[in-house]
Amino acid sequence: MSCNPELVSAFLDNELDTVIVGAVTEHLLSCDECVQTMTKLAAVKAVMSDKFMVHDPEGLTLSVMNVVTNDRTAPPSNGMMSFLKKLGI
Ligand SMILES: [Zn+2]
């Protein structure tokens with residue numbers, strides 16, 4: 001499979017089917033970019049789950065992705081940026 005931040009996000013939330021979890025886990029083992037994404041998402045989700053009730057999981061994922069994309073202190077690699085742009089984020 002190819003890089004997919006949404007799958008990484010769903011993976012963190014335990015929202016994936018068992019079959020897909022295997023594929024995502026396998027991808028994470030071989031992809032530094034997605035591990036980086038997952039690390040950032042985990043940090044953001046930890047903060048947000050402390051402060052907000054989740055009424056809109058899809059909107060939350062988008063907000064999280066925006067935070068990750070706008071993270072100026074630790075900019076993602078060019079490869080990650082162009083991948084996110086391809087997704088229209
Ligand atoms: Zn990847």
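Read-outs: derived from the displayed coordinates by stated rules, not from any lab. Nothing here was measured: the structure is a model prediction, and the numbers come from that model. All Cβ positions, even for glycine, are placed from backbone atoms using ideal geometry, and neighbour counts span all protein chains on display.
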Worksheet, complete the sentence: In order over the range 31-47: 3J(HN,Hα) from phi, Karplus 6.51/-1.76/1.60, θ = phi - 60°, whole Hz, x for each Gly or Pro, gives 10, 5, 4, 6, 5, 4, 4, 5, 4, 5, 4, 4, 5, 5, 4, 4, 5
Worksheet item: Label points 7 Å out from Cα along the Cβ direction at GLU58 and LEU87: separation in nm?
Response: 1.5 nm
Worksheet item: With a ≥ b ≥ c the root eigenvalues of the C-alpha gyration tensor of the range 1-53, is it rounded (a/c under 1.5), prolate (a/b larger than b/c) or oblate?
Response: oblate
